[in-house]
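Here the structure comes first, spelled out in structure tokens, and everything after it is commentary.
The values are calculated or read from the model by the stated rules, or taken from the named source; none is laboratory data. This one's a predicted model, so the numbers in the text were calculated from it and none came from an experiment. For neighbour counting, all protein chains shown are included, and Cβ atoms are generated from backbone atoms with ideal geometry for every residue, glycine included. Accessible surface areas use protein heavy atoms only, side chains included; no ligands, DNA or RNA. Shrake-Rupley method; radii C 1.70, N 1.55, O 1.52, S 1.80 Å.
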Amino acid sequence: MAGVNPDLSLDILLRHYQPHEGWRDWFSGAYAKAMDSPRPDVRLEGWKTAATIFGDMHAPVFCLFVCHYGRSLVPADSPAFLGHIDLCMWELGLASPARPTEDGAVPLGDVGAPDGFNRDATRAEAWLAEQLRPFGGRADHAAAFAMRLTAARFGLIHGPADPSVAQVLDASLWVSKGRKAWWRFW
């Protein structure tokens with residue numbers, strides 16, 4: 001899509017994504033909560049933490065997958081995940097701050113606020129639909145993909161070397177150290 005950094009595409013992430021080791025422990029905790037907890041409130045906490053981690057790692061595609069899935073877990077009027085969505089869309093070139101400061105920063109209160117960013121909703125929806133195509137248009141599958149690929153790159157789970165999207169999504173191909181098949185709800 002015109003104007004969106006091609007280095008941030010799903011294809012590039014699949015081939016070259018290597019999260020920094022410094023994020024491993026924090027991600028491991030978020031992953032366990034989001035993917036393994038039987039409690040919905042704990043899973044939601046894990047997804048929120050994962051959104052923060054992906055955003056901070058400058059992996060906006062994965063952050064958006066997690067955020068759009070996370071939005072399905074909260075009431076429609078909840079502000080949860082909206083700030084992360086704004087920041088990712090800004091990083092991708094699909095939004096811009098409505099009231100940037102003189103140094104180009106965004107006032108904290110504007111992040112996630114309805115009038116805090118100028119959003120190109122049409123382009124953003126088209127871009128997201130394109131990114132979700134390998135997942136049948138499903139944000140839950142895309143979010144699981146982001147989590148699983150990151151867990152694999154951190155060595156938290158083991159499976160095929162250089163996996164395809166389909167292989168990352170195939171739960172039967174992945175095992176966690178010290179546990180049997182654990183991917184219960186994907």
Revision key, fill the gap. Considering residues that are under 25 Å from residue 26 (Cβ atoms), aliphatic (A, V, I, L, M) and out of contact with any strand residue (DSSP E or B) (no Cβ under 6 Å at 6 or more places or on another chain), the number found within region 123-160 is 9
**Study point:** Matching residues in region 80-96 - criterion: being open to solvent by 30 Å² or more (accessible area, probe 1.4 Å), assigned to a helix (DSSP H, G or I), over 20 Å from residue 23 (Cβ atoms) and in contact with a Gly (Cβ under 9 Å, 6 or more places away or on another chain)
**Key:** 82
Study note, to complete from the structure: The residue that is surrounded by the fewest Cβ atoms within 10 Å (Cβ to Cβ), considering only those in region 135-152 that are of a type outside the set (A, V, I, L, M) and within 15 Å of the chain's Cα centre (by Cα), is 137
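Here's the yes/no breakdown for (1) among the basic types (Lys, Arg); (2) in contact (Cβ under 8 Å) with a residue 12 or more places away in the chain:
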{"residue": "9", "(1), (2)": "no, yes"}
{"residue": "24", "(1), (2)": "yes, yes"}
{"residue": "30", "(1), (2)": "no, yes"}
{"residue": "34", "(1), (2)": "no, yes"}
{"residue": "38", "(1), (2)": "no, no"}
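Picking from 9, 28, which residue would you name as being touching a Leu at 6+ places or on another chain (Cβ under 9 Å) and among the polar types (S, T, N, Q)?
28
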